[in-house]
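**Q** What follows is a structure written as structure tokens; I'll ask about it next.
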Amino acid sequence: MATAADGRLQGARSANTSSFSRARSSPSAVLPSPPNPGVKLGPNGATFVSSGIPDLDTILGGGFLLGSLVMVMEDADAPHHLLLLRNFMSQGVVHRQPVLFASPLRDPRAFLGTLPSPVSSSKEHRQRDTLVDHNQQDQEKGLRIAWQYKKYFGDQQSSQNHNRDVKQEFSNDFDLRKTLERQHVQYIESMSIQDIPHLTILRDRCSNFLSGLPRSDGGNLSAGRIAIQSLCAPQCGYAEMDWDLVAFIRFLRSIIRSSNVVAVVTFPTSFLLPAFLKRWQHLADTLLSVRAIPDEDKDMAKLLTGYQDMLGLLHVHKVAQNNSQVPTVLEASTFSLKLQKRRSLVLERLNQAPVEASSGTSYSTSGTCSGPSKGSSLDF
Amino acid sequence: MAESISRSLRDGCLEGEHAPALTIEDSLACPLGSHVFDHFLANLASQIADGTSQARGLVLVALNRSPSFYIDLLRRKGVDASLVDKWVRILDCYSDPLDWKDRIPPLMNVQKPSTRENVSFFRDVRDINKLLSSVLDLGKGFVGQGKTRFAVAVDLVSNLLRHTSLPSVAGLLNNLRSNDQISCIFWLIHSDLHEPRVSTALAYVSTVVASVQPIMQLTDEHRSRRDFLWLEKNSCKAKFYVRLKRRNGRVKLLAEELHMDQVGVKFAAVTSENSFVNKSLLPKVQFNLQLSDQERVDRAKVVLPYEHQGNGEAIQIYDGRRSLSDDQKDPHLVQPSTFSVMTDAQATSGNGEIHYIRDSDDEQPDSDEDPDDDLNI
């Protein structure tokens, strides 16, 4: 199982790394497991943490950069930003990273009760991966077990893999139907931002959170996560203090930049004045937006394949590039959010449905792979 | 579509969910919003009286019209008067919202307003927390503490916004929505009285946004000519656009027409134009190659100039000089060099045509498929 993950990571990294990438070879080789699987080192001194959605990590070139500010523009009509936040926080819980959650709900802990738990079965991972993974095939050949015993051995292997999973995987698939148990979410700090009259309270809370993080020493990298939901929601007391909000975001960005924390802030765009919306967009290091799709829209059903399964759209506007002059150029910037097997979130490129003319020319833009195409540059 | 809104108000909310919230907005160009509000109010009240709705009672926050107006309205619409007394409570923020009567020395022959038992006075509209607790108390007062829920209607949020700030009003509506005892909530606002961010804030808080738009758009020439036709049309007819947020995270856009008559408001399906699709919701797909429906149909109809049309008929030499309809007199006007499919199609008024002039009549069929065969080097 770790091989599949490594294979994917290898693919992602070889897209934009120099020649000095550490090759993760077959699982049989005795390698010391990285001190903290939740944090991955990338080129140019960048460290990544996973966003909780493996597809999004691949799209962004490794994950969320530590020290960056990720802003998600919400759509007033759909709650998809909550999906992103949930996966982000669950990933932090799985990797035992400290999480601070601020939300305009009266009772943020109620939201914490909806965090998804990681998918436990590793066989699903293997089936899901459509990229050819040679290591794994060799492994399967090497087993040479009679077919009727394979099912017993398979279980044992999957449980072995499961243990290795929990320790070694950088990003997990989350099952949105199952929630994390209470004891895991206990340690998430949460606060409600609805009734606070001005932002100094939130500001102080963030500073305290950062100062309370363990320092990262030597080989042991630690990371922290801040999740702020609907920062300028209309029901918050400070919602009309536009300049204060901009000052807060600038503050947040500056304290995070020199620390090992990644912050995800979602905000409703419709409520901001256009000039301030532009300012917020410029202040973000990574800018994503989620959009709702119209229901039962025949035009859209004809335009896009897989329209029935789509939850919404995710658009990547900007990708963080600290310490680097090389921008990340994405092949595609709009993705559709889908639930695979009704439980885990996948992002797919939008495929245009073939035109209905009799000549049958199909203008589908992505490759013809049947599984979710992750936009990896290994697609031929 | 109005039916679906009434149904969703009637069904209320599921366990663990916030209550459905409806925003009705109108503007000066088409001021039928109050009538739409009355329509939904009367529907919900009759459903409560019948017992078919999830809400067991209704609390009405009356800011714009006097409570007696509403009681008369409900009576006119056929809701039983005793049930009105039992299941409807009106919070009167209309008579004295800012508590002036106490400060003015009382006049001599002042008539005490007749107090009804289901109308309670509210004197301090500026205090949003007090308003919230009064609404909740009124509601709890007649449905009790348990699992039963009640509905809330706010007559004019624009009046509330006169006295308090937008975040506090949005907070009030949000708190009401998320309260366990509220089944559904709806309100009316005049959108042109406020900045655009007010409408977007309320749309953010609500699950259904119904906007009343004028049937005929107001243009400058209307204003200058004082077009009475426009006024007349817009005062009794309007377009009704609904934006529903569904549970699966998608948006549903609906359009209807509404007419005013003696009784009230009537909804009808859209008669004239096509349904309104919000183009901004379509994503920007790469290589925007979408063809409109008409273009697709035309493209399918184009007869390609192959000798074999592929439909089993005898090989017919398709000669552009003899056009498909024999009436055409002069096909030589057409440029023989252009063989393009789509650009021509669009140039010739949307019909797909390909004009192909053969080189000569005594060529063999299929011989034009490779003109290089002629070369004898």
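**Q** Looking only at region A:86-107, how many residues end up being part of a strand (DSSP E or B) and charged (D, E, K, R)?
**A** Qualifying residue count, region A:86-107: 0.
**Q** Checking the structure you have, find out if any residue of region B:136-159 is touching a Leu at 6+ places or on another chain (Cβ under 7 Å), under 30 Å from residue B:29 (Cβ atoms) and part of a loop (DSSP other than H, G, I, E, B).
**A** Within region B:136-159, one or more residues are touching a Leu at 6+ places or on another chain (Cβ under 7 Å), under 30 Å from residue B:29 (Cβ atoms) and part of a loop (DSSP other than H, G, I, E, B).
**Q** Would you tally the residues in region B:44-83 being within 26 Å of the chain's Cα centre (by Cα) and aromatic (Phe, Trp, Tyr)?
**A** 1
**Q** Inspect region A:233-253 for any residue being touching a Gly at 6+ places or on another chain (Cβ under 7 Å) and outside any loop (DSSP other than H, G, I, E, B) and give the result as yes or no.
**A** For region A:233-253, residues touching a Gly at 6+ places or on another chain (Cβ under 7 Å) and outside any loop (DSSP other than H, G, I, E, B): absent.
**Q** Can residue A:270 be described as buried (at least 16 other Cβ atoms within 10 Å of the Cβ) and part of a helix (DSSP H, G or I)?
**A** yes
**Q** How many of the residues in region A:232-250 are within 13 Å of another protein chain (Cβ to nearest Cβ) and in contact (Cβ under 8 Å) with a residue 40 or more places away in the chain?
**A** Going residue by residue through region A:232-250, those that are within 13 Å of another protein chain (Cβ to nearest Cβ) are A:232-242, A:244-245.
Pick out the ones that are also in contact (Cβ under 8 Å) with a residue 40 or more places away in the chain and you get A:232-233, A:235-238, A:241, A:244-245.
Residues in region A:232-250 being within 13 Å of another protein chain (Cβ to nearest Cβ) and in contact (Cβ under 8 Å) with a residue 40 or more places away in the chain: 9 in total.
**Q** Pairs only if they're at least six apart or on different chains, beta carbon under 8 angstrom, first in region A:190-210 and within 16 Å of residue A:259 (Cα to Cα), second among the hydroxyl-bearing types (Ser, Thr, Tyr) and at pLDDT 85 or above; list them, first residue then second.
**A** Pairs found: A:210/A:259.
**Q** Continuing with the same structure: I need a count of the residues in region B:80-121 that are of a type in the set (Lys, Arg) and modelled with pLDDT of 75 or more. Before you say what the answer is, go through the steps one by one.
**A** Taking region B:80-121 as the starting set, the residues that turn out to be of a type in the set (Lys, Arg) are B:86, B:89, B:101, B:103, B:112, B:116.
Among the residues that remain, those that are also modelled with pLDDT of 75 or more are: B:86, B:89, B:101, B:103.
Result for region B:80-121: 4.
**Q** In region A:45-85, how many are assigned to a loop (DSSP other than H, G, I, E, B) and on the phi < 0 side of the Ramachandran plot?
**A** So the answer is 10.
**Q** Another one. Mind checking which residues of region B:1-28 are under 30 Å from residue B:230 (Cα atoms), under 16 Å from the mean Cα position of the chain (by Cα) and hydrophobic (A, V, I, L, M, F, W, C)?
**A** B:1, B:2, B:5, B:22, B:24
**Q** Kindly indicate whether residue B:46 is touching a helix residue (DSSP H, G or I) at 6+ places or on another chain (Cβ under 6 Å) and closer than 19 Å to residue B:20 by Cβ.
**A** no
**Q** With (1) modelled with pLDDT under 90; (2) surrounded by fewer than 21 Cβ atoms within 10 Å (Cβ to Cβ); (3) away from every other protein chain (no Cβ under 14 Å) as the list, and residue A:253 as the residue in question, which single condition is left unmet?
**A** Condition (1) is where residue A:253 drops out.
**Q** Give the residue that is nearest to residue B:269 (Cα to Cα), with candidates limited to residues of region B:17-36 that are part of a loop (DSSP other than H, G, I, E, B) and touching a helix residue (DSSP H, G or I) at 6+ places or on another chain (Cβ under 9 Å). Full working, then the answer.
**A** Of region B:17-36, the ones part of a loop (DSSP other than H, G, I, E, B) are B:17-20, B:28-29, B:31-32.
Still in the running and touching a helix residue (DSSP H, G or I) at 6+ places or on another chain (Cβ under 9 Å): B:18-20, B:28-29, B:31-32.
On the way: B:18: 30, B:19: 28, B:20: 24, B:28: 23, B:29: 21, B:31: 20, B:32: 17 Å.
Going through the qualifying residues, I end up with B:32.
**Q** Let me ask something additional. Being away from chain A (no Cβ under 13 Å) and farther than 25 Å from residue B:30 by Cα is the filter; apply it to region B:164-189 and report the residue that is surrounded by the fewest Cβ atoms within 10 Å (Cβ to Cβ).
**A** My answer is B:181.
**Q** Mind checking whether some residue in region A:289-306 is outside any helix (DSSP H, G or I), modelled with pLDDT under 85 and away from chain B (no Cβ under 14 Å)?
**A** So far as region A:289-306 goes, no, none of its residues is outside any helix (DSSP H, G or I), modelled with pLDDT under 85 and away from chain B (no Cβ under 14 Å).
The values are calculated or read from the model by the stated rules, or taken from the named source; none is laboratory data. These numbers were taken from a predicted model, which means no experiment stands behind them. With ideal geometry, Cβ positions are generated from the backbone for all residues, glycine too; neighbour counts draw on all protein chains shown.
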